[in-house]
Amino acid sequence: MDVNALEARLLDGFQHDFPLLERPYAALAAACDCSEGEVLDTLRRLSARGAVSRVGPVFGINRIGASTLAAMALAEADLQRVAAIVNDCREVNHNYAREHRFNLWFVAAAADRAALDATLARIEARSGYAVMDLPMLRDHHIDLGFSLGKDPHRRADDRPNHPRASPSAAAPRRQPGRIPAALVEALIGAIQDGLPLQPRPYACVARQIGCAEGEVLDAIAALRADGRIRRFGVVVRHRALGWRANAMVVWDVPDARVDELGERLGRAAPVTLCYQRPRRPPDWPYNLFSMVHGRDRDAVHAQVDELALRAGAAGLPRELLFSSRCFKQRGARYRG
């Protein structure tokens, strides 16, 4: 997808640290030397074109509710049918076909583990296939920010002149423990699909849940501070922006080394996700998962080879599971 200079600046510069100000889009406009209306119109246009999923939170995994990565080994003739069954579950936010015997991979999130288990059981019953449940045991790096600059493998939050909200604007004005639980619950439901593309989005949210605008700002700041919101900003759809070669790289790491290698892999710029998940013998021997994205497959293979060498993992068994089709991609919905 071709993007103009303003589109590139908004996509590249505000994936993290979205301003906690009454008029945040005006702050973006000041940083981009344009008007607030131009920023809002551009973000609406990017959303309509599929380049932006939302402007809002990426929640910390298992910090709000429960989530898991799941896989199914399907007959090729059943892939489309079962993918539709999986997509039909509101708890499922990502659903991909991958090049492997386990050829359908999806992420599901729910209010708690019991609700998540019920979702997986429902998918098994409707599809006639077993679901391999791979909950996260430990995360080493979770970001999914994408740089559109000259160095596409540089982290989106690690560039010079990264435009951030001022510390005073981003810092919580109340201690996280003082935010009422009922307000947190209502807020999560109101912002999980993103902020309104309106001049005062936090005021819109406040009216929706029946509180003051300042309470919304305080609560979001508190959720960011305690990790329940992992990232807050422009959430892009990377495939629409040219990352067509997307590989889930899975590693069979000795248990005594999994933390060490997880930290090394997680610090490497090409890696957007790195986390530990359980093995499921005899079908699944891998316990460390990482995501590497590129413009083409050869580049991804080269990145993974270099990554393994630098991390001291060159001799370990690994597989690259390239995604071949995206059936569903949206933010996790934990409430409503």
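The values are calculated or read from the model by the stated rules, or taken from the named source; none is laboratory data. For clarity, every value in this text was computed on a predicted model and none was experimentally measured. Quick reminder, even Gly has a Cβ in these numbers, built from the backbone with ideal geometry, and neighbours come from all protein chains shown.
General remarks:
- Put simply, of E76, E36 the only residue that is out of contact with any Ser or Thr (no Cβ under 8 Å at 6 or more places or on another chain), closer than 25 Å to L21 by Cα, surrounded by fewer than 21 Cβ atoms within 10 Å (Cβ to Cβ) and among the charged types (D, E, K, R) is E36.
- Neighbours by Cβ (under 9 Å, 6+ apart or cross-chain): first from region 23-35, without any contact (Cβ under 8 Å) to a residue 12 or more places away in the chain and assigned by TED's automatic domain parsing to the domain that holds A203; second crowded, with 17+ Cβ neighbours inside 10 Å and of a type in the set (A, V, I, L, M, F, W, C): A29/V39; A29/L40; S35/A26; S35/A29
- Residue-level check: of (1) within 18 Å of P135 (Cβ to Cβ); (2) touching a residue at least 40 places away in the same chain (Cβ under 8 Å); (3) surrounded by fewer than 21 Cβ atoms within 10 Å (Cβ to Cβ); (4) of a type outside the set (F, W, Y), G262 misses just (3).
- Odd one out for A308, checked against (1) among the small types (G, A, S); (2) within 29 Å of A256 (Cβ to Cβ); (3) part of a loop (DSSP other than H, G, I, E, B): (3)
- Restricting attention to region 1-22, the residues that are surrounded by fewer than 17 Cβ atoms within 10 Å (Cβ to Cβ) and of a type in the set (D, E, K, R) add up to 2.
- If the condition is being under 21 Å from the mean Cα position of the chain (by Cα) and buried (at least 20 other Cβ atoms within 10 Å of the Cβ), then region 305-321 contributes only L321.
- Candidates R231, R267, R279, R207, filtered to the one that is more than 20 Å from the chain's Cα centre (by Cα) and closer than 21 Å to D139 by Cβ: R279
- When each of A245, A256 is tested for being out of contact with any strand residue (DSSP E or B) (no Cβ under 9 Å at 6 or more places or on another chain), surrounded by fewer than 21 Cβ atoms within 10 Å (Cβ to Cβ) and aliphatic (A, V, I, L, M), the lone residue that passes is A256.
- Restricting region 198-240 to residues that are out of contact with any Phe, Trp or Tyr (no Cβ under 7 Å at 6 or more places or on another chain), closer than 21 Å to H293 by Cα and not charged (D, E, K, R), the residue that is modelled with the lowest pLDDT is A240.
- Restricting region 265-281 to residues that are part of a strand (DSSP E or B) and within 21 Å of D305 (Cβ to Cβ) leaves a set whose member that is modelled with the highest pLDDT is C274.
- Listed here are the strands (runs of 3 or more DSSP E) enclosed by region 26-136 that have at least 1 residues being closer than 27 Å to P285 by Cβ and at pLDDT 95 or above: 66-72, 92-98, 104-110, 132-134.
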